[in-house]
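This report concerns only the one structure given below.
The values are calculated or read from the model by the stated rules, or taken from the named source; none is laboratory data. Fair warning: this is a prediction, and the values are worked out from it, not measured in the lab. Note: ideal-geometry Cβ built from the backbone for every residue, glycine included; neighbour counts use all protein chains shown. Accessible surface is based on the protein model in full, side chains and every heavy atom, while ligands, DNA and RNA are left aside. Shrake-Rupley method; radii C 1.70, N 1.55, O 1.52, S 1.80 Å.
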Amino acid sequence: MALLEIKKYPDKVLKQKTQELSNIDGNTQKLIDDMLETMHNVRGLGLAANQVGISQRLCVIDLSIKEDNKIPVIILINPVIVESEGAIDAEEGCLSLPGYMSSIKRAEKVFVKGLNREGKPFELEASGLLARALQHEIDHLEGMLMFDRMSPIKREFFKRKYLRDIRKIKTDK
Ligand code: CO
């Protein structure tokens, strides 16, 4: 296994829609293991393949550090949200926007279809933190970051502040 570099905004790969996987092979399995190791290393709750520079419709979620009930690690290949219900605001962060938290409105419940690690179809109904994590990661696969879910005014403010702060960090070094 290997730690992968996590791409940060404004890296272009994060803004591109990912490609569906047509075959799940040894490279896919290695990528999944490396993504899990990379996510666990930074104590993230989810990671999409394009966040490590691979534009494939694949993401991993592990809420075990946050939730008391042990939800197993979830591997999603070609996931799609087929139904969603309700709306709820909550704070979230993103490994590609390090150091930032923001309240984002998302559906309360989602119904997701996709393939598991073995390439077998599966369905998942989720609410709470899992529903939020699924929407966040599937947004990544569509080339969307959490500020794309903000109002235009808040988005511009957030982007400007973020870009100013990363410039500051670079000049400080
Ligand atoms: Co993210």
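Points worth noting:
- Condition check for I81: more than 14 Å from the ligand (Cβ to nearest atom), among the hydrophobic types (A, V, I, L, M, F, W, C) and touching a Phe, Trp or Tyr at 6+ places or on another chain (Cβ under 8 Å): yes
- Residue match in the stretch 70-88 (condition: without any contact (Cβ under 8 Å) to a residue 60 or more places away in the chain, surrounded by fewer than 14 Cβ atoms within 10 Å (Cβ to Cβ), within 14 Å of the chain's Cα centre (by Cα) and at positive phi): no
The rows are residues; the columns are (1) closer than 18 Å to L145 by Cβ; (2) at pLDDT 95 or above; (3) touching a strand residue (DSSP E or B) at 6+ places or on another chain (Cβ under 7 Å); (4) of a type in the set (A, V, I, L, M).
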residue	(1), (2), (3), (4)
M1	no, no, no, yes
I6	yes, yes, no, yes
V13	yes, yes, no, yes
E20	no, yes, yes, no
N23	no, no, no, no
G26	no, yes, no, no
N41	no, yes, no, no
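- Residues satisfying the stated conditions in the stretch 125-160, i.e. among the hydrophobic types (A, V, I, L, M, F, W, C) and buried (at least 17 other Cβ atoms within 10 Å of the Cβ): A126, L130, A131, A133, L134, I138, L141, L145, M146, F147, M150, F158
- Looking across the stretch 145-156, the residues that are free of Cβ contacts under 8 Å to residues at least 12 places away in the same chain and within 16 Å of the ligand (Cβ to nearest atom) come down to D148, R155.
- Those residues of the stretch 89-110 which are more than 10 Å from the ligand (Cβ to nearest atom), open to solvent by less than 40 Å² (accessible area, probe 1.4 Å) and at pLDDT 95 or above, in sequence order: A90, I104, R106, A107, V110
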